[in-house]
Amino acid sequence: MAEPLELKKTLNLPKTDFPMKASLPQNEPKQLAAWEEAHLYEKILQTRKGKPLFVLHDGPPYPTGTIHLGTGLNKILKDMIVKSESMAGHYAPYVPGWDCHGLPIETQVEKELGGKATVSAPEFRKLCREFANRYVEQHKRDFKRLGVFGRWNDPYLTMNFDYEATIAGAFLEFMEKGYVYRGRKPVYWCLHDRTALAEAEVEYEDHTSPSVWVKFAIADGKNPGNEVSAVIWTTTPWTLPHNRALAFHPDYDYAVVDTEKGPLLLAVDRIAALQSECNIKEARVRETFKGSEFEGRKFQHPFLSLQVPGILADYVTLDQGSGIVHTAPGHGADDFYSGQKYGLETYAPLDDRGVYLEGLPEYKGKNVFEANPIIVKLLRDHGALLAHHEYKHTYPHCWRCHNPVIFRATEQWFIKMDAIVPGRDKTFRQEALDEVEGVKWIPAWGEERIYEMVEKRPDWCVSRQRFWGVPIIVFYCDTCGKRLEDFAALRNVLDWFRKEGADAWYQHTPEELLPAGTQCSCGSTKWRQEHDILDVWFDSGSSNLAVLHGPEWPADIYLEGPDQYRGWFQSSLLVATGIKNAAPFRGVVTHGWTLDEQGRPMSKSLGNVVEPAEICEKWGADLLRLWVASQEYQADVKMSERVMTQLSEAYRKIRNTFRFALGNVASFDPSRDALPHEQMEEIDRWMLERTAELSRKCRDWYAGYEFHRVYHAIHDYCVVDLSSFYFDVLKDRLYTKAPRSTSRRSAQTAVWKITSALVRLLAPILVFTAEEIWKMLPVGTQAFSSVHQAEFADADSLVSGISKEAAEQWARLAQVRSAVLVALEQARAAKAIGGGLEAKVKLYARSEAAGLQKLLLERRGVLPALFIVSQVEVEPSTPDGAAQSDLLPGLAIKIERADGTKCERCWNYSTHVGENLRYPTVCERCTAALAEIESAV
């Protein structure tokens, strides 16, 4: 007979090369290189060929500077969506894009140049293109480092030739349909950059303005008389030279009040404010009027030889000022529309720097902000100034240079929101609003926000006075000045753009760009070009036309931050509605802002900026992705060292759960060793059912982009259900049973299936770690070399057929286990036992724990393994000295020392140790296992 086996060598201890320490910062770049060499993104698409299409259309960031945490959050969320949709069985391409035109690039290039005027327009555009390309490459590298898959070798750039032709073509289509007009209207104007700005290019920042209360004397001699002065309040004294009316609300009550500063006319509800702001001690009401009575009345301008009319407007409010609004149609949207209604002059004689071209000698030639104190002095000198204070408020600033902007009437190109063009029966605005209602908005408040913005927005100013962008394709007759309206001829320019890009506009004459012999109605063939370029929001809003082709349009999802309701979401909606009569997206998802631990926005001045590159270098990209997944991202999200430390601990626990699993299936060959469900032990089948349920929930959460639910569910399942419960219970079976025993194979089959399902559920979040796990799974597990080519496990494949009653019984036994573990811990603390295997547990369940006693008696054979103790006895009555469980009312538990001797092999205590003469130090369980092992040798 052969020598007895060495007991230690008969144990099936875990074996795996999956390291406990992840070393993500060192290992992730190696994995990235391997993916790139293998062309993994292309392989994933090839794998999904023929599957239902899913399109997330990327909103293009500006290629300026390094990516920040908000950009990283954005790209990782998009990647999680694309990967989860791909693994749900969709063909899900991802084409990243960049918005390469406009002020952000120009500003940076001008800084490098020290001024734009030093080079020609074609040379300046060349430098802008080079600058954008430089940062596109840097951004590509940084985004790929985050584990984001996509068509990085061929992204879409708004400066690509075909894209520029698409933008120009879209504008021509808007013009041909009748949406476009050129007009003189007030627009946001940046004095520093000397260009019009879109609403989305304006940010509100703290500013101090001069607040003045000013008298306009009644000038028509009618009641209440010329000695009475209407009072207005403004924080833009520089606009007073351009005043052309005073606006009253038709329904408000107005009063003449006698004061020590003369009789004054204002809204009744603003008398107290007048007294407070103008230091007026007495204000006695002499007479009251309705606002409607002042329509058409005449008022004397305070320092110009000019009388202005009273007009009526419903935008007059009573929350500030006097209830009478100073109206300058050249400097405000409401003022302008009132001016149109009443035939007032749209007067704004300023140059692009905000310098007065006309006016009194005191301020002519001055910048508007320089003129403020001059005009205040004029008011004081003319006896028209009631009060002057410094007023702190939020004021519009240019988003790039952060200088205050003005409203200025200039000649611009506009898209008319309330146009009804031939062939359509609704206004452009209404068509866009109708489309809003057909889109799924996540969060739901997004629908109301964009609806209100589109409903109230003015006509879209689409022209800019810059160089780096797509020129507005307009020609004027050099002889008569008439605009060319031959759209077939105009579209000839698009061919030039496709060949040479929009640079062709600056490098060729009109005669070259237009078809030969293009003639004006006056007979001339000489043309001159428009100098304005298109708004960059028109550029990015055209991305759906340039990038999404065939069934890709409309996109399933757009995802951006909340600023894009007035930006890309809106411009995309308007362009698509104008061109294709439909929204370019089926759904829109919004994420919040990134904040520091104190809830402050991240800024360099506060020193609280955290960049993705820093996190990748210290923690790894998977930890950053885990942070994104752990957040309810639809609200603002906080980042800090403390948060990352907590997440690193959560990651460690998840990793160790997988390490245990991999260590126990290392020699497992699923094709050879896996058991059918009906041959598996019941607890294993129950855990498969629970994994199936988890899989269903996670897939539903992925489909709803609720990544925080996925993360928390998987984390809790790994830490609580697997590591602390199931895997803990399995250790004895996995380590001590014969390697090929049905009992051990049952456990391995469950562990393998659970691990295979979980790693796929985690793959969209922990892209690097999931790949590392996947490569460690037993040979034959994967049909693909990468987890990202695989699909989520079919939950039905995990369904083991366990009855509902049995599943409920196991859930109840798990509750009993929790109660027993508390009692064991108390016994350890009292030094009654050392470890759990030194214990015998006595149980009795009273009637208040309905059915539990019967269940314990039926299942008593599995209870020692479930509790990880040596013996369990189910008593007929409450054992002497037993304690009542707080966790499970009605259950009495008594912990005693186990009977018998400790088995050298499995460490369980048994009264049968010593009965096996060949192995005298082992228990009866190990005797059976050793016999099976020896028979297989």
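Points worth noting:
- Residues located in region 548-570, provided they are buried (at least 21 other Cβ atoms within 10 Å of the Cβ) and aromatic (Phe, Trp, Tyr): 558, 565, 568, 569
- When region 603-620 is filtered for residues that are over 30 Å from residue 552 (Cβ atoms) and open to solvent by less than 40 Å² (accessible area, probe 1.4 Å), the ones remaining, listed by number, are 603, 608, 610, 615, 616, 620.
- Residue in region 356-378 that is among the basic types (Lys, Arg), more than 40 Å from the chain's Cα centre (by Cα), at pLDDT 95 or above and within 30 Å of residue 254 (Cβ to Cβ) present: yes
- Residue, surrounded by the most Cβ atoms within 10 Å (Cβ to Cβ), within region 350-370, restricted to residues that are without any contact (Cβ under 8 Å) to a residue 12 or more places away in the chain and assigned to a loop (DSSP other than H, G, I, E, B): 366
- Residues satisfying the stated conditions in region 887-904, i.e. in contact with a Lys or Arg (Cβ under 8 Å, 6 or more places away or on another chain) and part of a loop (DSSP other than H, G, I, E, B): 890, 898, 899, 903
- Enumeration of residues in region 108-121 that are modelled with pLDDT of 85 or more and either under 15 Å from residue 63 (Cα atoms) or assigned to a helix (DSSP H, G or I) (or both): 108, 109, 110, 111, 112, 113, 121
- So residue 915, is it part of a strand (DSSP E or B) and out of contact with any helix residue (DSSP H, G or I) (no Cβ under 6 Å at 6 or more places or on another chain): no
- The single condition among (1) open to solvent by less than 50 Å² (accessible area, probe 1.4 Å); (2) at pLDDT 95 or above; (3) part of a loop (DSSP other than H, G, I, E, B) that residue 791 does not satisfy is (1).
- Residue 179 meets the stated requirement of being within 30 Å of residue 550 (Cα to Cα), modelled with pLDDT of 95 or more and either aromatic (Phe, Trp, Tyr) or open to solvent by less than 30 Å² (accessible area, probe 1.4 Å) (or both).
- Yes/no for residue 785 being open to solvent by 10 Å² or more (accessible area, probe 1.4 Å) and without any contact (Cβ under 8 Å) to a residue 24 or more places away in the chain: no
- Single unsatisfied condition, residue 320 versus (1) closer than 16 Å to residue 242 by Cβ; (2) of a type outside the set (Val, Ile, Thr); (3) within 41 Å of the chain's Cα centre (by Cα): (1)
- Criterion (among the small types (Gly, Ala, Ser), part of a helix (DSSP H, G or I) and under 14 Å from the mean Cα position of the chain (by Cα)) met by exactly one of 629, 613: 629
- Looking at 599, 587, 592, just one residue is within 30 Å of residue 429 (Cβ to Cβ), open to solvent by less than 50 Å² (accessible area, probe 1.4 Å), touching a strand residue (DSSP E or B) at 6+ places or on another chain (Cβ under 7 Å) and in a loop (DSSP other than H, G, I, E, B), and that residue is 592.
- Scanning region 530-547 for residues that are charged (D, E, K, R) and either open to solvent by less than 10 Å² (accessible area, probe 1.4 Å) or touching a His at 6+ places or on another chain (Cβ under 6 Å) (or both) yields 535, 539.
- In region 335-346, of all residues being assigned to a loop (DSSP other than H, G, I, E, B) and open to solvent by 40 Å² or more (accessible area, probe 1.4 Å), the one that is nearest to residue 237 (Cα to Cα) corresponds to 345.
- Residue within region 446-455 that is of a type outside the set (Val, Ile, Thr), open to solvent by less than 20 Å² (accessible area, probe 1.4 Å) and over 28 Å from residue 497 (Cα atoms) present: yes
- Which listed residue is of a type outside the set (Lys, Arg) and either within 26 Å of residue 908 (Cβ to Cβ) or over 43 Å from the mean Cα position of the chain (by Cα) (or both), from 736, 769, 755: 736
- Candidate set: region 684-712, residues that are open to solvent by 10 Å² or more (accessible area, probe 1.4 Å) and under 28 Å from residue 732 (Cβ atoms); chosen: the one farthest from the chain's Cα centre (by Cα): 685
- Selection status of residue 441, at pLDDT 95 or above, open to solvent by 50 Å² or more (accessible area, probe 1.4 Å) and within 28 Å of residue 585 (Cα to Cα): no
- Looking only at residues of region 256-300 that are small (Gly, Ala, Ser) and farther than 19 Å from residue 220 by Cβ, we find that the one that is nearest to the chain's Cα centre (by Cα) is 273.
- For region 478-528, filtered to residues that are acidic (Asp, Glu) and assigned to a loop (DSSP other than H, G, I, E, B), the residue that is nearest to residue 181 (Cα to Cα) is 485.
- Wholly within region 634-704, helices (runs of 4 or more DSSP H) carrying at least 1 residues that are among the polar types (S, T, N, Q) and closer than 30 Å to residue 77 by Cβ: 641-664, 682-703
- Output for region 430-445, where each listed residue is assigned to a helix (DSSP H, G or I) and touching a Phe, Trp or Tyr at 6+ places or on another chain (Cβ under 7 Å): 433, 436
- Pick from region 798-810, criterion in a helix (DSSP H, G or I) and in contact (Cβ under 8 Å) with a residue 60 or more places away in the chain, ranking: surrounded by the fewest Cβ atoms within 10 Å (Cβ to Cβ): 806
- Figure legend. Inter-residue proximity from region 844-859: first residues touching a residue at least 24 places away in the same chain (Cβ under 8 Å), second residues assigned to a helix (DSSP H, G or I) and open to solvent by 40 Å² or more (accessible area, probe 1.4 Å), beta-carbon distance below 9 Å, spacing 6+ or different chains. Indicated pairs: 845/854; 852/812; 855/812.
- Residue 878 farther than 30 Å from residue 9 by Cβ, open to solvent by 30 Å² or more (accessible area, probe 1.4 Å), of a type in the set (Val, Ile, Thr) and in contact (Cβ under 8 Å) with a residue 24 or more places away in the chain: yes
- Pairs, first in contact (Cβ under 8 Å) with a residue 40 or more places away in the chain in region 895-923, second basic (Lys, Arg) and not in a strand (DSSP E or B), C-beta under 6 Å, six or more apart: 922/905
- Matching entry among 46, 31 (being open to solvent by 40 Å² or more (accessible area, probe 1.4 Å) and modelled with pLDDT of 95 or more): 46
- Any hit, region 10-18, residues being on the phi < 0 side of the Ramachandran plot and free of Cβ contacts under 8 Å to residues at least 12 places away in the same chain: no
The values are calculated or read from the model by the stated rules, or taken from the named source; none is laboratory data. Since this is a predicted model, take the numbers as computed values, not measurements. No Cβ is skipped: glycine too gets one built from the backbone with ideal geometry, and neighbour counts run over all protein chains shown. Accessible surface areas use protein heavy atoms only, side chains included; no ligands, DNA or RNA. Shrake-Rupley method; radii C 1.70, N 1.55, O 1.52, S 1.80 Å.
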